[in-house]
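Each remark here refers to the structure printed beneath this line.
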Amino acid sequence: MIIEQVLVGQMAVFCYILGEEDSGDALLIDPASNFDKIDLIIKKLNLNITKIINTHGHFDHTTGNRYFVKKYGATLHIHENDAPLLKSGINRLMDIIKGGRGKALTPQLLRDGNLITLGAEKIKVIHTPGHTPGSICLYWNGNLFTGDTLFTEGFGRTDFRGGSEKDIMESIRNKILSLLDDTVIWPGHHYGRFPISTVQEQKRYYL
């Protein structure tokens with residue numbers, strides 16, 4: 001599997017490109033900004049984007065949805081609890097500004113434990129509420145893409161509507177830190193000193 005971490009936008013969002021070498025199929029996690037930069041990497045790796053996954057529904061992680069759905073014919077996926085956020089005023093506005101006018105996107109809804117197919121690979125959905133009710137992490141072969149549930153130093157805000165510090169702490173301690181120590185943490189923002197971490201390192205902060 002190919003993993004490309006792409007820093008985009010003024011809010012230091014990490015977009016991820018996951019590619020399966022044999023098939024050339026790939027997915028985007030949280031395409032947010034700098035579309036030309038993302039496209040250039042996709043072209044360089046000779047990948048075909050088949051799926052777009054939002055780790056949650058905040059606009060700083062979703063503004064590329066319409067652009068990449070239109071360009072590649074990809075399907076859009078988000079947890080069922082966060083799908084309503086895609087219809088919020090700020091998300092609709094960013095859809096028009098970044099992706100142009102058109103019919104509302106209809107995402108495929110995810111639930112805890114779902115497996116997302118990418119070529120011969122399976123990526124597991126782990127529901128981690130707290131930052132938003134439908135926040136998810138994505139697990140593949142020792143790699144965990146944590147969105148705004150967990151950064152390398154800190155975690156996502158819980159003072160937005162639908163946020164809960166109690167829930168996010170339970171998600172971090174019971175779902176993320178229960179994974180093997182050498183699991184690599186790939187966060188949704190570059191808000192720490194380092195772009196990646198591990199479960200073992202994060203246990204120092206939360207256990």
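Taken together, the values in this text are just the output of simple stated rules run on the coordinates, not laboratory data. Just so you know, these numbers come straight off a predicted model, no measurement behind them. All Cβ positions, glycine included, derive from the backbone under ideal geometry; neighbour counts span all protein chains shown.
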3J(HN,Hα) from dihedral phi, region 127-133, Karplus parametrisation 6.51/-1.76/1.60, rounded to Hz, x for glycine, proline: 6, 10, x, x, 5, 9, x
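Sequence gap at least 6, Cα distance under 8 Å: using those rules, report the relative contact order of region 2-206 to the nearest whole percent. Numbers along the way, then the final one.
Details: 464 pairs, mean separation 32.4, N = 205.
Once divided by the residue count of region 2-206, the mean separation gives 16 percent.
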If amide H atoms are built 1.01 Å from N in the plane of the peptide, which residues on other chains or at least 5 residues away come under 5 Å of the amide H of Asn143? Val184
Potential extension, Leu7-Thr117 segment - 0.36 nm per residue separation minus Cα distance: 37.1 nm
Less than 11 Å Cβ to Cβ from Glu80, Lys/Arg counted +1 and Asp/Glu -1: what total charge do the surrounding residues give? -1
Once Gln108 and Lys71 are pulled to full extension, the length gained, defined as 0.36 nm per residue separation minus their Cα-Cα distance, is 11.5 nm
Among GluC sites (Glu not before Pro) in region 140-207, those in a DSSP loop whose Cβ has at most 16 other Cβ atoms within 10 Å are Glu153
Taking only the Cα atoms of the chain, how large is their convex hull per residue, in Å³? 108
